[in-house]
Amino acid sequence: MYEEALQRYEPVFGLETHVELGTRTKMFCGCGATFGAEPNSQVCPVCLGLPGSLPVVNRLAIEYTIKIGLALNCSIASWCRFARKNYFYPDMPKNFQISQYDEPLCTDGYLDVLVGGKTVRVGIERVHLEEDTGKSMHVGGATGRIQGAEYSLVDYNRAGIPLVEIVTRPVPGTGFLAPEVARAYVTELRDMLRTLGVSDVRMEEGSLRCDVNTSLSLRGSDAWGTRTETKNVNSLRSVERAVRSEIERQAAVLDAGQRVIQETRHFHEDTGVTTSGRSKEEAQDYRYFPEPDLVPVAPSQEWVDSLRASLPELPSARRARLIEAWSITDLDFEALRNAGALDVVEQTVACGAAPADARKWWLGELARRANDSGVEVSALPITPADVARVSELVASGSLNDRLAREVIDGVLEGEGSPDSVVAARGLAVVSDDTALLAAIDAAIADNPDVVARIRDGKVQAAGVLVGAVMKATRGKADAARVRELIMERLT
Ligand SMILES: [Zn+2]
């Protein structure tokens with residue numbers, strides 16, 4: 001169905017991402033901004049919108065927003081204003097939200113994302129700052145939605161928490177990769193925000209939330225289709241599924257000769273499909289006007305320059321550096337990133353392991369163990385230093401791969417460092433040639449027919465003798481060294 005739809009239609013998607021900033025206090029008052037506090041325990045006249053209260057801008061929130069803009073290659077406004085966005089909703093006590101409208105703090109940037117070994121540049125239209133709303137809880141219904149509920153409760157702790165909205169330009173031309181590119185964009189954005197230290201970016205707690213716009217146009221046509229906006233898609237996997245499911249749904253609508261309606265849709269985590277919400281408001285419905293209670297924001301060039309100089313190494317720069325330093329391809333890098341193994345591999349290399357060895361252990365044996373126990377590789381009870389030590393023992397010939405896996409077993413089972421596991425389990429490779437030669441001579445004596453074949457030039461038959469020696473030493477020999485000694489013995 002999906003592949004078929006994409007033969008006729010070209011998808012275009014765009015993302016609006018809301019990020020709760022990790023400031024200690026709210027956007028326009030001094031209330032705390034801690035997640036999970038007792039309901040309505042972090043409120044004051046300002047964030048409750050009581051008459052006569054006046055907002056004051058949180059300087060750190062402006063600083064964080066500028067940092068985000070700079071990291072997204074945006075221009076930073078030298079002067080901008082907040083605006084009132086008017087609408088009525090019970091979780092917004094003022095009946096308007098302080099936001100930014102035609103004068104956002106950051107504009108015209110981009111973020112490069114890597115998908116399938118290809119870089120896709122996602123244009124950023126704007127980054128603006130606003131305040132979050134409170135949270136409604138509908139009690140008594142089966143679904144947790146307002147329909148069928150007996151009553152609703154409102155928690156204003158979240159009202160007024162600084163919220164940054166990052167809006168992309170429409171992204172055309174990604175074809176059947178559109179869902180993956182959308183997911184990769186949110187992943188890259190999340191990693192970038194985490195690196196900047198401006199948010200805890202926990203999608204499951206709502207500090208990073210996405211709305212996904214999707215439309216289809218006929219292949220070969222210049223005209224873009226009508227877009228829908230899928231709200232509050234709350235995991236990386238859901239971003240991918242929401243785009244995919246909207247592509248399938250809209251293709252079916254268009255194939256039936258109907259038209260796609262511009263509307264808000266809800267994504268359902270359980271079924272993976274979207275259902276119709278309200279019809280989409282236009283900007284004019286919000287009656288925006290400049291916020292009269294706040295002075296304009298005019299960040300000086302010196303401030304912006306000093307923030308630019310303070311930016312940490314961003315994920316894109318890190319990616320370029322690691323690809324170069326480890327001599328790997330874009331696809332190799334993606335495999336590490338998707339396995340969540342970048343940090344541990346980098347730390348293992350820092351502890352002295354060769355990049356290829358570090359990748360081999362973390363992506364192979366350890367990824368398998370992590371998968372078996374349903375945890376991230378970084379959560380396994382083995383440190384990068386341990387892995388570096390194991391790979392050092394292999395490189396020096398003290399362990400072979402099989403013994404190394406046993407050492408890893410021991411470390412994971414809490415038996416201590418690799419060296420103590422080697423000592424306690426008696427796992428060192430038999431490197432004493434005299435001991436090996438005794439086993440080799442026994443294998444030669446036991447297999448006269450194999451010896452005859454090797455002497456006839458069928459060198460690969462030596463594998464049988466190597467196997468016999470490995471068995472005799474219970475796997476503790478270095479197979480390469482054994483092969484060498486056998487060949488020396490027989491020539
Ligand atoms: Zn407050």
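Only the coordinates and a few stated rules stand behind these numbers; no lab work does. No experiment lies behind these values; they were computed from the predicted model shown. Positions of Cβ are backbone-derived with ideal geometry, glycine not excepted, and every protein chain shown enters the neighbour counts.
The figures follow:
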item: For the chain: lysine pairs under 20 Å (alpha-carbon distance), excluding those fewer than 8 apart on one chain; result: 11
item: P(r) tail fraction, the range 204-251 - alpha-carbon pairs more than 14 Å apart, %; result: 53 percent
item: Residues with amide H under 5 Å from that of ARG265, placed H, sequence gap 5 or more; result: GLU229, THR230, LYS231, GLY277
item: Length released on extending from ARG308 to TRP79, taking residue separation times 0.36 nm less the Cα-Cα span; result: 80.7 nm
item: Inverse mean reciprocal Cα-Cα distance (Kirkwood Rh) of the chain, Å; result: 26.9 Å
item: Potential extension, ALA452-ASP372 segment - 0.36 nm per residue separation minus Cα distance; result: 24.2 nm
item: Pairwise FRET efficiency - ALA428 versus ASP270, Cβ, R0 = 45 Å, nearest 0.05; result: 0.25
item: Mean ellipticity per residue at 222 nm, deg cm²/dmol - from DSSP H runs of n ≥ 4 across the chain, formula -39500 (n - 2.57); result: -12000 deg cm²/dmol
item: LYS471/ARG121 FRET efficiency (R0 56 Å; Cβ-Cβ; nearest 0.05); result: 0.50
item: For the range 304-309, Karplus couplings with θ = phi - 60° (6.51, -1.76, 1.60), whole Hz, Gly/Pro x; result: 4, 4, 5, 5, 4, 5
item: Overall form of the range 254-303 per C-alpha gyration tensor (a/c, 1.5; a/b vs b/c); result: prolate
item: Derived scalar couplings ³J(HN,Hα) [the range 253-263; Karplus, 6.51 cos²θ - 1.76 cosθ + 1.60; whole Hz; x for Gly, Pro]; result: 4, 5, 4, 7, x, 9, 10, 6, 8, 6, 7
item: Cα gyration tensor, the range 146-278 - rounded (a/c under 1.5), prolate or oblate; result: oblate
item: Under DSSP loop assignment and at most 15 Cβ neighbours within 10 Å, longest GluC sites (Glu not before Pro)-free interval of the chain; result: 1-149
item: Separation in nanometres of the label points that stand 7 Å from Cα toward Cβ, at GLU484 and MET137; result: 6.9 nm
item: Cys residues of the chain counted as unpaired, since no other Cys beta-carbon is under 4.7 Å; result: CYS29, CYS31, CYS44, CYS47, CYS80, CYS210, CYS351
item: ARG24 versus ALA325: modelled label distance in nm, points set 7 Å from Cα along the beta carbon direction; result: 3.3 nm
item: In degrees, nearest ten, helix 59-71 long axis to first principal axis of the chain (Cα); result: 60 degrees
item: ³J(HN,Hα), Karplus 6.51/-1.76/1.60, whole Hz, each residue of the range 282-288, x for Gly, Pro; result: 9, 3, 5, 5, 8, 6, 4
item: Two-decimal Rg/Rh across the range 1-160, once Rg and the Kirkwood Rh are taken from alpha-carbon atoms; result: 1.06
item: Under 5 Å, built H, 5+ apart or other chain: amide partners of ASP112; result: VAL122
item: Difference of contour (0.36 nm per residue) and Cα-Cα distance, SER420 to GLU150; result: 91.0 nm
item: Beta bridges by DSSP in the chain, antiparallel share as percent, to the nearest 5; result: 95 percent
item: LYS135, LYS26 arranged by Cβ crowding within 10 Å, fewest neighbours leading; result: LYS135, LYS26
item: Theoretical FRET efficiency, 1/(1+(r/R0)^6), r = Cβ-Cβ of ARG278 and SER300, R0 30 Å, to 0.05; result: 0.10
